[in-house]
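Visitor: Got a structure here, written out as C-alpha cells. Questions coming.
No value in this document is a laboratory result; all are computed from the given coordinates. Owing to the predicted nature of the structure, the values given are computational and were not obtained by experimental measurement. A quick note on method: Cβ atoms are made from the backbone with ideal geometry, for glycine too, and the neighbour counts reach across all protein chains shown.
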Amino acid sequence: DAGVTQSPTHLIKTRGQQVTLRCSPKSGHDTVSWYQQALGQGPQFIFQYYEEEERQRGNFPDRFSGHQFPNYSSELNVNALLLGDSALYLCASSLGGSRNQPQHFGDGTRLSIL
Amino acid sequence: ILNVEQSPQSLHVQEGDSTNFTCSFPSSNFYALHWYRWETAKSPEALFVMTLNGDEKKKGRISATLNTKEGYSYLYIKGSQPEDSATYLCAFKNLDTDKLIFGTGTRLQVFP
C-alpha cells in the first residue's frame, strides 16, 4: 500500500525563479493538502484540493498556486520565489467528506532559495 | 487569528521516565484535535484524532485526553523509550473550516 510520495526531495532555486512540487496521495485518498514548514514553526496550511478544485486556502499570496489531477495527484507551484520561501513543503492526503480522518503525510520537499 | 500553543518547547527525559505535554487551542467552534509524532528524517505520523469533550485515547504507552470546554489536550507517554524521541505536534480544526492549524510542537529526547 503506497503511502504519500513527494518529489523532488530537495531543490535549490534562486530568487525570482518558479518551482513546481509534486505529490501523489496515499492509495484510496482523494484529498490533498499542502503545508509549508519554516524553521522553528509548525506546518502552515497553504491550500487543499478535492475533486480537482481548491477547497480551502490559508494565508498565502497568489504566488502560491496548485492543481489536482483526475488521478488525485497534485502540484504546488510557487512563482517569483523569495528568500522567505525557503522551507520544507509537506503534502498530506486524506479522504474527502470525512473531516475526522487523520492526514497522511509525505516526507516533504526541502526548498532552498539562494 | 486562531492559535495553537504547545508546551514545553522541548523536553529531555531518561529512559523509563513518564512524561506529558500540553496543547492549548481556541475552545469556541471546536471540531477536532489531532496529535502527530514526527521523527527526524521521516514524515509526520498520526497518533490520535479526538473530537469529543472528555475523550481519552490510547496507543500502546501513549495516551491523550481532551477538554474542549477549556481548550486543552494532554499527551502522556508512560515509561519513555529512546525510540519515543521525536517532535510531537498537535493540530486543531474548527467548525468553520477544514484547515488544520498546527502548533510548533514539543521536541522530546529520551536518553538511555
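Visitor: What does the charge add up to near A:T9, with Lys and Arg as +1, Asp and Glu as -1, over the other residues with Cβ less than 14 Å from its Cβ?
Guide: Result for the neighbourhood of A:T9: +2.
Visitor: Then there's this: What number, in nm² with one decimal, is the all-direction average of the projected area of the convex hull of the alpha-carbon atoms of chain A?
Guide: 6.7
Visitor: Further question: Averaged across the residues of A:32-42, what count of C-beta atoms belonging to other chains lies within 10 Å of each residue's C-beta?
Guide: 3
Visitor: For peptide B:98-111, what's the mean number of Cβ atoms from other chains within 10 Å of each residue's Cβ?
Guide: That works out to 4 on average.
Visitor: Counting DSSP beta bridges in the protein assembly as shown, what percent are antiparallel, to the nearest 5?
Guide: Just about 90 percent of them are antiparallel.
Visitor: What does the charge dipole of the protein assembly as shown about its Cα centre add up to, to the nearest 20 debye, if the Cβ of each Lys and Arg holds +1 and the Cβ of each Asp and Glu holds -1?
Guide: Dipole of the protein assembly as shown, to the nearest 20 debye: 240 debye.
Visitor: Mind checking which lysines have their Cα closer than 19 Å to the Cα of B:K57? Skip sequence neighbours fewer than 8 apart in that chain.
Guide: B:K69, B:K78, B:K93
Visitor: Under 19 Å Cα to Cα from B:K58, which aspartates and glutamates show up? Leave out anything in the same chain fewer than 8 places away.
Guide: Correct list for B:K58: B:D17, B:E45, B:E83, B:D84.
Visitor: Further, regarding this structure: I want to verify the translational diffusion coefficient of the range A:33-90 in µm²/s; compute it with Stokes-Einstein, Rh as the Kirkwood radius over Cα pairs, at 20 °C and 1.002 mPa s.
Guide: For these conditions, the coefficient is 180 µm²/s.
Visitor: What number comes out for the charge environment of A:E52, summing +1 per Lys or Arg and -1 per Asp or Glu over other residues with Cβ under 14 Å away?
Guide: Cβ neighbours under 14 Å give a net charge of -4.
Visitor: Hey, another quick one. In straight Cα distance, which lysines are under 30 Å from A:K13, not counting same-chain residues fewer than 8 positions off?
Guide: Within the straight-line cut-off, A:K13 pairs with A:K26, B:K42, B:K99.
Visitor: Also, quick follow-up: What span do the alpha-carbon atoms of the protein assembly as shown cover on each of the three principal axes, reported in whole Å from largest to smallest?
Guide: In descending order, the Cα extents are 48, 37, 37 Å.
Visitor: Now a separate question. Over all pairs of distinct alpha carbons, what does the Kirkwood formula give as the hydrodynamic radius of chain B, in Å?
Guide: With all distinct Cα pairs of chain B included, I get 14.0 Å.
Visitor: Taking the Cα centre of the range A:1-106 as origin, sum charge times position over the Cβ atoms of Lys and Arg (+1) and Asp and Glu (-1), and report the length of that vector in debye to the nearest 20.
Guide: For the range A:1-106, the charge dipole is close to 320 debye.
Visitor: Work out the mean other chain Cβ neighbour count within 10 Å for the residues of A:99-108 and drop it here as an integer.
Guide: 6
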